[in-house]
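Right, one structure below, let's go through it.
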Amino acid sequence: EPNTLQSELRSRVLDYLNVGDGSYSAVFTASKRAAFALVADCYDFRARSKLVTVYDHESESVKALTTAAVRSGGRTCAARFRWPTLRLCGEQLAAELKTRGKGSRLLKKKTGTAGGTAGGRRRGLFVFPTQSRITGTKYSYQWMTMAEKHRWDVLLDVSAMGPRDMGSLGLSLFRPDFIICSFYKIFGSDPTGFGCLLIKDSSMASLRSSSSSPGIGMVRVVPDLGDDEELAEDLDENVLGGRPSSSAAAARPDLIAFSGPQHRPEPLIVCQGLDHANTMGLNKTNCRIKSLMDWLIASMSSLFHHIPGSSSSSSAPSTATKRWRRRPLVQIFGPKAQIDRGPAVAFNLYDQKGALIQPTLVQKLADRSSISLGCGVLSNLFLEEVSHSGSMKKLADLPVLTATLGLVSNFEDVHRLWTFAAKFLEPEFLTGELLRYQSLNQSIVSIDEQGDQAAADRSS
């Protein structure tokens, strides 16, 4: 419906995402996970042969798509990532996109074409994030071009992008069928998980009707009416014979402005976050975040445990010196060059013996210091075996911590994180914090359970 808060906010969001040319329709969802669930429920996997995903970490949102594809008899494939650089295995992904599945061969036999019918029969769904939410690794947009060339439906996940990066995405060149975004990076907090699903109008035919889809996470944006709930109660009390009392309406002259177009300040209030992001600008925001991330990675990498080693003695005992060994406190995962990294970094902390300090425990201690860290699990990791040319060995999944910089992040934030990490150089710090938890009748098991739940929430 035009001239409503819903339509105005939809237009404003489309303009902000640089897709305000009328070629996309927007569906507001309660969270990013709800947007993925909506696609999983409505996408016609039965007519497709494969689902290809590009994620270096576990994601509950992507699991919804995988489950729907398997339930419909389709095949799933996850891209591989090289250890320890976490770079995408391009040869494997290109082979998956170019290789025809069984469904494609049958379709070619029936229609006599290599790619399907002229109406747009597709091979499957290609789920592609612009960058990793956990490690910040950026991926080339050319993968979308390859997927479209080989007749794949493309779902672009831009939820990990910075608050002003959509302006440089170039959607005039890349036209994915679906776009899923989150406003976490815009508002700086995520109390509701407000998300959005954009559907290209020409791709509506690839969706099927579902009896459950109307109830999957879709929301309607409504204005904050303030004290109007009391107004409704007053009117209910003055209903006579099923009709509102005219004297009650006359006693409340503000009713005239309640539904009138001249009293509509709500869109300006709702869009304050977008206005602030536009005011900051793309270059200014990215330059500040890049500088902060460079400082954080360099500072975290300079933290070492100094472990006493054996003493080296000369001819005179008085000249004996003690040797010290250094062991890194922090291990950074992902690309080393900042040009290949977004506003996120994955890392782990290790004690003096080189043992991993559980990420869920570090996350709980960080929360007590007003530092927001996420927990994730790196997956699809492969190590190239030197003895076997071209063969790769799959590695076990790795739990990690992740820190993300946003629109309002400043040097105080990254310095507080570095100071917090440096506390783990003292063995007494971790021991003291554990004793404090035990004094509150909280066992380590309960901490891990809460951390696992928080990790599941944040991985979506």
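In summary, strands (runs of 3 or more DSSP E) completely within the stretch 134-210 and bearing 2 or more residues that are modelled with pLDDT under 90 occur at 178-182, 195-200. The set of residues in the stretch 58-82 that are more than 22 Å from Ala160 (Cα to Cα) and aliphatic (A, V, I, L, M) comprises Ala68, Ala69, Val70. Do you know which residues across the stretch 341-389 are among the basic types (Lys, Arg) and within 19 Å of the chain's Cα centre (by Cα)? Arg341 - this is the single residue of the stretch 341-389 that is among the basic types (Lys, Arg) and within 19 Å of the chain's Cα centre (by Cα).
Does Arg325 satisfy the condition of being at pLDDT below 90 and in contact with a His (Cβ under 9 Å, 6 or more places away or on another chain)? Against the criterion (at pLDDT below 90 and in contact with a His (Cβ under 9 Å, 6 or more places away or on another chain)), Arg325 qualifies.
Counting only residues that are surrounded by fewer than 20 Cβ atoms within 10 Å (Cβ to Cβ) and not in a strand (DSSP E or B), the stretch 327-359 holds 13 of them. Checking each residue in the stretch 331-377 for being aliphatic (A, V, I, L, M) and within 18 Å of Thr137 (Cβ to Cβ) picks out Ile332, Ala337, Ile339, Ala344, Val345, Ala346, Val377.
Just checking: which of the strands (runs of 3 or more DSSP E) contained wholly in the stretch 362-423 hold 2 or more residues that are polar (S, T, N, Q)?
Ranges flagged: 398-404.
When the residues of the stretch 394-417 are filtered to those that are among the small types (Gly, Ala, Ser) and within 23 Å of Ser299 (Cβ to Cβ), the one that is surrounded by the most Cβ atoms within 10 Å (Cβ to Cβ) is Ala403.
Name the single residue, out of those in the stretch 418-438 being out of contact with any helix residue (DSSP H, G or I) (no Cβ under 8 Å at 6 or more places or on another chain) and either small (Gly, Ala, Ser) or not assigned by TED's automatic domain parsing to the domain that holds Arg368 (or both), that is surrounded by the most Cβ atoms within 10 Å (Cβ to Cβ). By that ranking, first place goes to Ala422.
The values are calculated or read from the model by the stated rules, or taken from the named source; none is laboratory data. Only a predicted model underlies this, so the values are computations on that prediction, with no experimental measurement involved. Note: ideal-geometry Cβ built from the backbone for every residue, glycine included; neighbour counts use all protein chains shown.
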